[in-house]
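First up is the structure itself, then whatever we jot down about it.
The values are calculated or read from the model by the stated rules, or taken from the named source; none is laboratory data. Bear in mind the structure is a predicted one, so any value in this text is a computation, not a measurement. Neighbour counts run over all protein chains shown; Cβ positions are idealised from the backbone, glycine included. All accessible areas refer to the heavy atoms of the entire protein, side chains included, with ligands and DNA or RNA removed. Shrake-Rupley method; radii C 1.70, N 1.55, O 1.52, S 1.80 Å.
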Amino acid sequence: MPFHKCWKHVRGVDILSIFLILAFSTVASSSSTKQHDPDCDLNITQLIQSKGYPCEEHKVITKDGYILGVFRLPHGRNSSFIGRPVFLQHGLLDAAVTWVMNFPDQSLAFMLADAGYDVWLGNVRGNYYSRAHVKYNPDHDEEFWDFSWGDMARDDLPSMINYILKATQQTTIGYVGHSQGTLIAFAQFGDINSNLQQNVSFFAGLAPVAHVGHIKSPLKYLAELSKDPERMLHLLFGYKEFLPSSNIIKWLATHACGSVIFDPLVCENILFIICGPDKKNMNNTRMEVYISHEPDGTSVKNIIHFVQMSNSNLFQAYDYGSADKNRQHYNQTTPPIYTIRPMKIPTAIFWSPDDWLADPVDMGFIFDNVQNLVYEKYLPGYNHLDFVWAMTANKMIYVDLIERMQKYHPAR
């Protein structure tokens, strides 16, 4: 029987089924024709080398035994000259790979290498490239995960910077931080007892963070779970690595994505949920790459530290919950308050009014306390991850950043 004659005998439910089958076949066909991006399967060394750049891997051991993976691009693609060192430090739940996930003309690490700099990429304790310790096994030992960003500021940052200065036989570096990478820098560079101020000749802060009392991120909903958020967060996530269950991710995603239809992969990724799911400034053809490399791990204690800061709106050390416990760690009943004001390093700030983690109200604390602000750029429409992944970040941020760095920390 010809198709047009038999069609009227098909029941409505069968017609619906046929349409669904045809629709699924179309989607399946388009999915099967979409090429898998090989960058998804590469580690950071392979990713850098695949773009034509040299890469070295270094291991830095902190005073408390964490083994940090640090990566180096000693020069660009078209020169073997090794310039002065620049250190790039990633943000929360991120890793050094964040600086090289876009193409060479869009990624800050590649652009700096091509501008003549000796580029070093740091990784703080607990992420994919720094998941090692001289004594503890991260897969089994709770002690490995007993850290927050305060420990990164105190130990990881100076350990990596001092290693770089020794390896390069230089006296100063340029520093670029994103998000948590600025947080630990403010805490360390503002410490009057730290020697690093003399070792850093330029500091660029991308989406900088110090106060987080006004964040729009779903982190604030974790802060509001109970009167005792630390206990609740330990009940939800344990005492080791921050690995939220799919149900918790879905709950947080309702606050992050709401009723707006975003990419489902984005709304199932805890990094995008915390930092903001808006990806209008990103290269959609690279989303598969971003998702395959992120998030990169941290401790539950570190998340709790951010939640504490959200509640207190203070730039403060980790609160152990009682006067006695705080006294054991700090020789005082309350956690110490960090200060930015003593920092004299020439500083450039790049920020956005639409940033979920570096809220404009909280940014006021930074602007009120940075003593040597040499450049500021306001970037409407940028979210927290755009500062490292946006297609336009090269023109909107990196060209200006490199120009200022050349002034205060020239490559030669």
Heavy-atom accessible area of the chain with neighbours in place, 1.4 angstrom probe: carbon+sulfur share in percent works out to 54
In nanometres, the difference between 0.36 nm per residue of separation and the alpha-carbon distance of Lys227 and Thr339 is 37.5 nm
Placing each pseudo-label 7 Å from Cα in the direction of the beta carbon, Ile249 and Asp105 end up separated by a distance in nanometres of 3.5
Per DSSP, the loop-located GluC sites (Glu not before Pro) within the range 194-285 having at most 13 other beta carbons within 10 Å are Glu224
Once phi for every residue in the range 317-326 is put through the Karplus expression 6.51 cos²θ - 1.76 cosθ + 1.60 (θ = phi - 60°), the whole-Hz ³J(HN,Hα) values, with Gly and Pro written as x, are 5, 4, 9, 7, x, 8, 4, 5, 5, 5
Per DSSP, the loop-located trypsin sites (Lys or Arg not before Pro) within the range 262-313 having at most 13 other beta carbons within 10 Å are Lys280
The range 293-391: Kirkwood hydrodynamic radius (Cα pairs, Å) comes out at 15.9
Dividing the alpha-carbon radius of gyration of the chain by 2.2 N^0.38 Å, where N counts its residues, gives 1.07
Each label sits 7 Å from Cα toward the beta-carbon; between Asp141 and Gln332 the label points are separated, in nm, by 3.1
Among Ala113, Ala167, Ala153, the residue with the largest mean-square fluctuation in a Gaussian network model of the chain built from Cα contacts under 10 Å is Ala167
Expressed in nanometres to one decimal, the distance between label points 7 Å along Cα→Cβ at Gln46 and Val374 is 4.0
Treating only Lys and Arg (+1) and Asp and Glu (-1) as charged, each at its beta carbon, one finds that the range 38-408 has a dipole about its Cα centre, in Debye to the nearest 20, of 640
If each part is reduced to its alpha-carbon centroid, the range 271-315 and the range 92-120 end up apart, in Å, by 19
Distance in Å, no decimals, from the C-alpha centre of the range 368-385 to the one of the range 196-235 is 17
Between the residues Asn311, Phe147, Val361, the Cα farthest towards the positive end of the dipole of the chain, that dipole coming from +1 and -1 charges on the beta-carbon of Lys, Arg, Asp and Glu, is from Val361
Per its Cα gyration tensor (rounded if a/c is under 1.5, else prolate when a/b beats b/c, else oblate), the range 218-262 is best filed as oblate
Residue-normalised value, i.e. accessible area per residue, for the chain at 1.4 Å probe, in Å², stands at 44
Cα-Cα longer than 26 Å, checked against Lys59/Lys377; Lys301/Lys325; Lys59/Lys279; Lys59/Lys240; Lys250/Lys301, kept in input order, equals Lys59/Lys377; Lys59/Lys279
Residue separation between His234 and Lys395 times 0.36 nm, minus their alpha-carbon distance, gives in nm 53.7 nm
